[in-house]
Amino acid sequence: MSQRRLSSKFRQNVRNRLSRLTRLGEPALETVIDGAALLGAREDAFRLEASGWKAEAGTSIDSDPAVHRFYALLAERASQHRWLHLLFLTVNGERIATSYGARYGNRLFLFKTGYDPAHAQCSPFKLLIYFAVRHAFAEGLTEVDFLGDAEPWKLEWTPTTRAHHWLFVFANTSRARVLHHAKFRLAPVLKRWRA
């Protein structure tokens, strides 16, 4: 992250948020990669990811048992290969923000994020990204990918975007064919009808 590429207003905002957080205690980036520690830390990640608006909107990992199983299994399998990094922003050792991170080659991919709303005035997620990007480049990585759409908060960090595509895979079963029909035939018709 070249500080010169970030706007002066954005850099000032990060400094102000960091100053606020530092008044509460010592901020640090905690990266959990290994086995048992990773499996234990995932529960904190789930809690933080669900603690804000995502739980209310029904989009948190814990909102859907199948999604919860997927991310729990992902952590379990990834702990054997050391490519999943659970990132936490901590203050005096207390975890206040999180992101699942996948390290592949010289890249870090960030997804499934969340923070404790009690610390919202400090922008804990923005500071987690700040520490994570600095750490990634200090480790010799060449890219941090925020994944997903080009949302305004991502464009604060970089103007560079990359197209991402959805891939839906359905089993060859009657139930899957019904789901496919609902997703790609019925849903578009309903969407046009509502518009």
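Numbers for the structure displayed
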{"item": "Filter result (free of Cβ contacts under 8 Å to residues at least 60 places away in the same chain and touching a Gly at 6+ places or on another chain (Cβ under 8 Å)) within the stretch 42-63", "result": "Ser60"}
{"item": "Matching residues in the stretch 85-128 - criterion: being over 15 Å from the mean Cα position of the chain (by Cα), assigned to a strand (DSSP E or B) and within 20 Å of Leu141 (Cα to Cα)", "result": "Tyr104"}
{"item": "Tally of residues being at pLDDT 95 or above and charged (D, E, K, R) across the stretch 21-56", "result": "3"}
{"item": "Sole exception among (1) more than 26 Å from the chain's Cα centre (by Cα); (2) exposed (fewer than 11 other Cβ atoms within 10 Å of the Cβ) for His165, by number", "result": "(1)"}
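The values are calculated or read from the model by the stated rules, or taken from the named source; none is laboratory data. Note that the coordinates shown come from a computational prediction; the quantities given were computed from them, not determined experimentally. As a convention, Cβ positions derive from the backbone with ideal geometry for all residues, glycine included, and neighbour counts pool all protein chains shown.
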